[in-house]
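The values are calculated or read from the model by the stated rules, or taken from the named source; none is laboratory data. Because the structure is a prediction, the values reported are computed rather than measured. Because the Cβ atoms are built from the backbone with ideal geometry, glycine has one as well, and the counts that use them run over all protein chains shown. Just the protein is used for accessible areas: all its heavy atoms, side chains included, with ligands, DNA and RNA removed. Shrake-Rupley method; radii C 1.70, N 1.55, O 1.52, S 1.80 Å.
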Amino acid sequence: MMESNKTTRNKLSKKDITKLGLLSLFNQSGMNYQRMQADGWTLAMIPSLKKIYGEDKNGLIDALKANLQFINTNNYAAPLLMGLGASLEENNENRSTIDSLRVALFGPIAGIGDAITWFTILPIVAGITASFAQQGSILGPLVFFIVYFAMFLARIPIAHLGYSAGTHAISKIHENSAIVAHAASVLGCTVIGGLIATYVQIDVVTKIHVTASHTISIQKQFFDNIFPNILPLGYTFFLYWLLKKKNVNPVTLIVLTFLLSILLSWMGIL
Amino acid sequence: MTVTLVQGISIALFALIAGIDFWLEGFYIFRPMIVCTVTGFLLGDLRLGIIAGGLTELAFAGLTPVGGTQPPNPIMAGIMTVVIAHTTGHSPATAIGLSLPFSILMQYIILFFYSIFSVFTKKADEFIAKGEFRKFGMIVLMPTVIVAFAYAIFSFLSVYGAQSLMRTLVNSMPGWLSHGFTIAGGILPAVGFGLLLKSMLKTKYVPYLLLGFTAACFIKFGNLMPVAIIGASLAWIEYGRKQRENKINKQFKDIEKSLQNSGGEDDGI
């Protein structure tokens, strides 16, 4: 019985890893609350594992069963973990080593993946392309599409990285993830500050009539003189406070924003 | 203006494709920037679609499906913003508010799917155990197919089926109400940015937020590139600083360790 464990496994070619990177697209195809991405993850792994195990059908089934466990990670981090998984299977590592590595890594790697893709790249790309789009320029959607098409293609080198880097490098990435996440947060927060100033629009239209011919605009002569865009910043922080400290549901905040806007519009303030 | 049957069907077909893309998070054509542009193109008003795209994209910047959560649906928000603006003649900023009920309804449909799709897992396990990989593949792709059709049907009903009702409703709105919706459309990005900050902002990052804010207030430039460059530079500086800090800490610990070790040996002798 120990013998069967020691049979040498087939090697994957570069093309196989490229294919694995592309197949990582299906990571979320079977998404459900029970085990999140597990089914789609396994579907993407099948061709690689099939090649690695070759004639050893029982070994293949055991490996696939092991892959069908709860996993929920960032979609651009998935090819990294898939590549790593493939290299471990290929090297005939212990079943439990492979599985525990996957389970230990998917969370932290998802954290850094989300920090980079959703919280840094998206606000930057959205902020820059929206400024084109709001002038009606096709450059907005075009640049947006090109960036995300390139992001899709990046799955291929990410899978190769996971495969060739091996456990040592992945644990290095894991170690460095705190630093990378920190740097991404610095960039993200700077850009979000800029986004608040540029895209949240609150203009008070109320004017105070001092004399019949002289009026003071609250927006121009009061708020804009304190600091431009002070109201957008204040309101964003108010929402942040509700979300963070009071755990208010985002949908509630959307509704609140609408009710406030309609009320203030009715009163003639905004 | 009205939406013709052909336009309704072509928007539904696009919703089907974008729906698959959102489910898989593949090419990001599910983001409002692309959805609005394509919808505008299909309705014969590309410019309206692009402008609505910029606006809706920002309103949804923080509403992300991170960690398996579901935000209000960006596809339905994008489609309906353009459709409502096109059919009623209101500005995209007003329309974005009116599109939200559709977006939130679709969000709940997807959440419902997340729950019920768990029923497929048992069958999937059986197929793997029997080594029937083709059948396994089919059952894993089943949720994607169901979701795709849900998008097509829901968007067709919203775009084509409900249009006269929608138009009557919107046109009977008093001025202060539609103005309220326009204002809300302008403030809405704050919700998205608030959400982004919820997951990112720590006290130590507040200075960076203020730097970015101030830079954007006073640098008059067409887009956010200068702020992004400032942010990237700050990130670069911080990355280097943290690495040096880690290195020094590690060296310090090594020295401490070796001191302790040698101390121990001395005691032993």
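Taking segment A:243-263 as the range and being more than 7 Å from chain B (Cβ to nearest Cβ) and under 30 Å from residue B:175 (Cβ atoms) as the test, the residues that pass are A:252, A:255, A:256, A:259, A:260, A:263. Might you let me know whether segment A:157-177 holds any residue that is at pLDDT 90 or above and surrounded by fewer than 18 Cβ atoms within 10 Å (Cβ to Cβ)? Checked against the condition, which is being at pLDDT 90 or above and surrounded by fewer than 18 Cβ atoms within 10 Å (Cβ to Cβ), segment A:157-177 yields at least one hit. When we screen A:204, A:248, A:191 for residues that are in contact with a Gly (Cβ under 7 Å, 6 or more places away or on another chain) and either open to solvent by less than 20 Å² (accessible area, probe 1.4 Å) or not in a helix (DSSP H, G or I) (or both), the only hit is A:191. Reported count of residues in segment A:251-270, each being closer than 14 Å to residue A:203 by Cβ, among the hydrophobic types (A, V, I, L, M, F, W, C) and crowded, with 19+ Cβ neighbours inside 10 Å, is 2. Residues of segment B:188-235 that are β-branched (Val, Ile, Thr), open to solvent by 10 Å² or more (accessible area, probe 1.4 Å) and either within 21 Å of residue A:235 (Cβ to Cβ) or within 7 Å of chain A (Cβ to nearest Cβ) (or both): B:203, B:206, B:214, B:230.
Inspect all residues belonging to segment A:220-227 and state whether any of them is open to solvent by less than 40 Å² (accessible area, probe 1.4 Å) and hydrophobic (A, V, I, L, M, F, W, C). Among the residues of segment A:220-227, not one is open to solvent by less than 40 Å² (accessible area, probe 1.4 Å) and hydrophobic (A, V, I, L, M, F, W, C), which makes the answer no. When we screen A:30, A:40, A:21, A:83 for residues that are assigned to a helix (DSSP H, G or I), in contact with a Gly (Cβ under 8 Å, 6 or more places away or on another chain) and within 23 Å of residue B:125 (Cβ to Cβ), the only hit is A:40.
Filtering segment A:43-72 to residues that are open to solvent by less than 20 Å² (accessible area, probe 1.4 Å), part of a helix (DSSP H, G or I) and under 15 Å from residue B:140 (Cβ atoms) leaves A:44, A:45, A:46, A:49, A:64, A:67.
Out of all the residues in segment A:242-254, is one or more over 17 Å from residue B:181 (Cα atoms) and of a type in the set (S, T, N, Q)? The answer is yes, given that some residue of segment A:242-254 is over 17 Å from residue B:181 (Cα atoms) and of a type in the set (S, T, N, Q).
One line per residue, one yes/no per condition, for (1) crowded, with 24+ Cβ neighbours inside 10 Å; (2) small (Gly, Ala, Ser):
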residue	(1), (2)
B:19	yes, yes
B:48	no, no
B:51	yes, no
B:55	yes, no
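For segment B:66-130, please list each of the helices (runs of 4 or more DSSP H) lying entirely inside it that holds at least 2 residues being touching a residue at least 12 places away in the same chain (Cβ under 8 Å) and over 19 Å from the mean Cα position of the chain (by Cα). Helices (runs of 4 or more DSSP H) meeting the threshold: B:74-88, B:120-130. Within segment A:27-40, residues that are more than 7 Å from chain B (Cβ to nearest Cβ) sit with their Cβ atoms under 9 Å from residues that are among the charged types (D, E, K, R) and part of a loop (DSSP other than H, G, I, E, B), at 6+ positions apart or across chains, in these pairs: A:27/B:25. Checking each residue in segment A:136-156 for being facing chain B (nearest Cβ under 8 Å), of a type outside the set (Ser, Thr, Tyr) and either under 20 Å from the mean Cα position of the chain (by Cα) or open to solvent by 80 Å² or more (accessible area, probe 1.4 Å) (or both) picks out A:138, A:141, A:144, A:145, A:149, A:151, A:152. Only a single item in (1) at pLDDT below 95; (2) within 13 Å of chain A (Cβ to nearest Cβ) is not met by residue B:88, and it is number (2). Would you please list the contacts, defined by Cβ atoms under 7 Å and residues six or more apart or on different chains, that run from a residue in segment B:152-171 that is open to solvent by less than 70 Å² (accessible area, probe 1.4 Å) to a residue that is not in a helix (DSSP H, G or I)? Matching pairs, first to second residue: B:159/B:3; B:163/B:2; B:163/B:3; B:170/B:90.
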